[in-house]
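Nothing in this text is a laboratory measurement; each read-out follows from the coordinates by a stated rule. In this text, all values refer to a predicted model and were calculated from it rather than measured experimentally. Glycine gets a Cβ as well: all are built from the backbone with ideal geometry, and neighbour counts include every protein chain shown.
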Amino acid sequence: MHFVYALQSLKDNDFYVGRTKEINQRLNKHFQGKVPSTKNRRPLKFVYAEICLNIRDAAHRERYLKTAWGKRYLRTRLKNDLENPIR
C-alpha cells in the first residue's frame, strides 16, 4: 500500500503533500524536523491521508493534491476540521 498524506503547517497554515509506503516512520521524521522541506515549517499537524494500492496511482494523486485545484479540494474536504479543530 502507498499513502498520500497532507500536513498543515501551524506556522504558515499552508499544506505539505507527500507520499510514502511507511506512513508512521515518515510522519515521525516530519515531526522531528528531519525532512528538509518541512523542517522550517514546524509545528505541523497531520490532517489528511489516502491509501492507494499501487505507486502510480499514489504518484498521480500526490501531483494533483499539490496543484491549486488539489489544495482547494483539501480545504473544502477539511472545511469543518480546519475551522473547528478538536483540541
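For Lys39 paired with His60, estimate the spin-label separation in nm (one decimal), with each label point 7 Å from Cα along the Cα-to-Cβ line.
3.5 nm
Could you tell me the relative contact order of the chain? Use alpha-carbon pairs under 8 Å, at least six residues apart, and round to a whole percent.
On the way: 113 pairs, mean separation 29.5, N = 87.
Relative contact order for the chain comes out at 34 percent.
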